[in-house]
1. Considering only residues that are over 17 Å from residue 129 (Cα atoms), in contact (Cβ under 8 Å) with a residue 60 or more places away in the chain and touching an Asp or Glu at 6+ places or on another chain (Cβ under 9 Å), which ones fall in the range 39-65?
2. Scanning the range 150-184 for residues that are surrounded by 16 or more Cβ atoms within 10 Å (Cβ to Cβ) and assigned to a loop (DSSP other than H, G, I, E, B), which turns out modelled with the highest pLDDT?
3. If I filter the range 250-270 for residues that are assigned to a helix (DSSP H, G or I), at pLDDT 75 or above and among the aromatic types (Phe, Trp, Tyr), do I get at least one hit?
4. All but one of (1) within 13 Å of the chain's Cα centre (by Cα); (2) modelled with pLDDT of 75 or more hold for residue 280; which doesn't?
Amino acid sequence: MDHFTQCCYAVKAIPRLNCEAPTDGFSSCDDLMKNKTLQIFIWILGIMAFAGNLFVIAWRCFVREDNLVHSFLLTNLAVSDFLMGLYLLIIAIKDTQWQGEYFKQDFTWRTGQLCQFAGALSMISSEVSVAMLTIITADRLVCIVFPFRFKRLSLRRVYLLCAIVWLLGIVISTVPLMGIGYFVDDNTGFGFYGRSAVCLPLQLSSDRPAGWEYSVSFFIAFNLVAFIFMLVAYIAMFVTAKRVGGAVRSTSVNRETAMAAKMMFIILTDFFCWMPVTIIGVLSLTGNLYDPKKLVYVWIAVFVLPVNSSINPLLYTFSTTTTRKKLKSLRGTLRMFITNNLSRSAGKLKLYIRLLATRFFPETIQNQSIAASINIKIQSIED
């Protein structure tokens, strides 16, 4: 058999049939994601990326920060990571929906519009995220290493840069959807995003599917160049900060250095997520990767690559001192509001019970004037 789904149909018709076909790294006859551990992780990472980045977007839209340029860049980074969460949830939902009979849906799914949409989301998210981190790094580099040689990014320039990044991200992710023959495999009929059941066009195997050069140029070449720039830039920043010395540094430089230190953790997590992709991609292209069951491909595509989208909100929003203070203040305000309302509601309930008791058991009230006053209150409540 040429494809594992053909064996699934054959065994379904003849249960004891011994059928041989190439195995699929991601899927089995029953499941879109045959690895049970990854089935759990894709839900965890998807929910974390979706909910965490949605909170960050809302937080940064409503809570004003001093550095508007930096905040706007981080908001765009959160939007790109949010798209990765949406992609993961689409895959997780479809895996759950088709459990027990995935083989019946394999071809329809991988050639369908939802898989193409999910794949485009993953590519937009990945490339825009890397581009935003590159812009953030360049901004920190100018502020710390070249504070007088170049102008700092203005809000207007950042708006323009982000618009260009998003436009390019949308273009490069939708080009494979335009029906160009280069992106369609003549043997299988699968397109650029349908090369795997998770609709991710990574080139991490020795196979040469349709459009593999396009995938390599962005997922490996562009990202490698971007992270080399980030690495060199952060080394230059910390060398500069150390050379200047704490005694002569201005408050502004200290603040920029502290911000750069925080951003370094984001860059490092993304670096450690993307470097395995780059290394394994290069090994697969040179024929030096031995992964017959495609286990490395599966784990990197589903777990290693998306994990940075899930933990980025924790690193650049929830972990900051300012955010923690504001959340603590908000929590105190909510607690006070709830306590006051509960006390007020308890008082009203107690009064209402006494009023009801007065109406139905008037003999319990000796003072008729008080009873009459209470009856007036009851009438006002009913009205």
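The values are calculated or read from the model by the stated rules, or taken from the named source; none is laboratory data. Note that the structure is a prediction, hence the values are computed from the model and not measured. Don't worry about glycine lacking a Cβ; one is built from the backbone with ideal geometry, like all the others, and counts go over all protein chains shown.
1. Selection gives 42 alone.
2. 184
3. Scanning the range 250-270 turns up no residue that is assigned to a helix (DSSP H, G or I), at pLDDT 75 or above and among the aromatic types (Phe, Trp, Tyr).
4. Here residue 280 clears every test but (1).
Results for (1) assigned by TED's automatic domain parsing to the domain that holds residue 121; (2) within 23 Å of the chain's Cα centre (by Cα); (3) surrounded by fewer than 17 Cβ atoms within 10 Å (Cβ to Cβ), shown as yes or no for each residue.
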| residue | (1), (2), (3) |
| --- | --- |
| 15 | no, no, yes |
| 21 | no, no, yes |
| 36 | yes, yes, yes |
| 59 | yes, yes, no |
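A quick yes/no check of all residues on (1) surrounded by 19 or more Cβ atoms within 10 Å (Cβ to Cβ); (2) part of a helix (DSSP H, G or I); (3) modelled with pLDDT of 90 or more:
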{"site": "50", "(1), (2), (3)": "yes, yes, yes"}
{"site": "53", "(1), (2), (3)": "yes, yes, yes"}
{"site": "56", "(1), (2), (3)": "yes, yes, no"}
{"site": "66", "(1), (2), (3)": "no, no, no"}
{"site": "70", "(1), (2), (3)": "yes, yes, no"}
{"site": "83", "(1), (2), (3)": "yes, yes, yes"}
{"site": "88", "(1), (2), (3)": "yes, yes, yes"}
